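The next block holds one structure in the form of structure tokens; read it before the comments.
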Amino acid sequence: LINRKLDVTWQVLSTKAETVSIEALHWMKKAGCDYLSVSPETGSPELVKKMNKPFDYEHCVNMVKEANKLGIKTQCCFILGYPGETDYDRKLTQKYIARLARNGLDEIGAYIMCPLPGAQKYAEFVGQFEDYEEAATFSPRWRKDYKMLNEFRKSIYKTLIVNKAVFHPVKILEHGKNLLSGKYKTKIEAGLVRHFKTHQKGNTGYDKE
């Protein structure tokens with residue numbers, strides 16, 4: 001891409017943070033990358049062990065910080081409600097999101113865990129829903145802890161926004177500019193527009209929250 005001097009931009013929508021070195025970030029930017037998404041899943045090292053998904057928290061912070069300097073938008077995704085998750089684990093997640101935001105994180109994706117057939121933890125959820133079609137949703141209201149998790153999901157989005165407003169106010173202004181121009185640079189911006197249009201039409205779809 002660099003050698004051919006192609007005038008293109010591209011995005012990495014999902015990858016392991018550890019696979020992206022600081023040096024690689026610089027090459028990616030030169031080649032036209034403008035968006036990078038990784039998945040810490042949780043801010044709790046203990047919960048990560050239960051997930052059997054090693055994650056380098058310090059590297060991710062450094063990666064986000066460098067990407068911000070380079071002008072690459074970043075997203076970090078989190079899973080809420082993993083079996084065994086405690087209030088302390090959730091506090092660590094919120095604290096980590098605040099730290100990422102202070103270092104330039106642009107957006108997060110927060111999803112309440114839904115089991116997939118064949119997954120290791122699927123059996124722990126069997127009996128809580130009638131069929132898989134009911135289970136496979138971004139808003140699993142069949143979960144007994146759904147209300148609590150959904151409130152926590154809202155709170156971590158607020159944590160992100162408040163820290164961005166304090167430490168990177170220009171990013172908040174950019175969101176407004178992009179929304180007005182219709183040239184969306186992040187999933188949050190596109191999601192806000194979709195959410196607004198859905199409510200305008202009176203649609204009460206599953207993803208309204």
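Brief remarks follow.
- One entry in (i) 126; (ii) 109; (iii) 147 is volume of the Cα convex hull per residue in Å³ calculated from the shown coordinates; its label is (iii).
- Its relative contact order, with pairs defined as Cα atoms under 8 Å and 6+ residues apart, puts segment 84-198 at 31 percent.
- Only Cα pairs under 8 Å and 6+ residues apart enter the sum, and on that basis the relative contact order of the chain stands at 17 percent.
- Cα-Cα over 21 Å, subset of Lys164/Lys187; Lys16/Lys50; Lys29/Lys187; Lys65/Lys164; Lys29/Lys171; Lys49/Lys69: Lys49/Lys69
- Using the 1.4 Å probe convention, the accessible area of segment 8-152 works out to 50 Å² per residue with neighbouring protein chains retained.
- Computed from Cα positions, the angle between helix 57-70 and the longest principal axis of the chain comes to roughly 40 degrees.
- The Kirkwood radius of segment 64-182, taken over pairs of alpha-carbon atoms, gives through the Stokes-Einstein law at 37 °C and 0.692 mPa s a diffusion coefficient of 205 µm² s⁻¹.
- Using R0 = 41 Å, the C-beta based FRET efficiency linking Arg4 and Lys95 works out to 0.40.
- Segment 79-120: C-alpha gyration tensor shape, a/c 1.5 cut-off, then a/b vs b/c: oblate
- The simple Förster model, with R0 at 30 Å and r as the Cβ-Cβ distance, assigns Glu18 and Phe167 a FRET efficiency of 0.75.
The values are calculated or read from the model by the stated rules, or taken from the named source; none is laboratory data. The structure displayed is predicted, hence computed values, not measured ones. Because the Cβ atoms are built from the backbone with ideal geometry, glycine has one as well, and the counts that use them run over all protein chains shown. Side chains included, ligands, DNA and RNA excluded: accessible areas come from the protein's heavy atoms. Shrake-Rupley method; radii C 1.70, N 1.55, O 1.52, S 1.80 Å.
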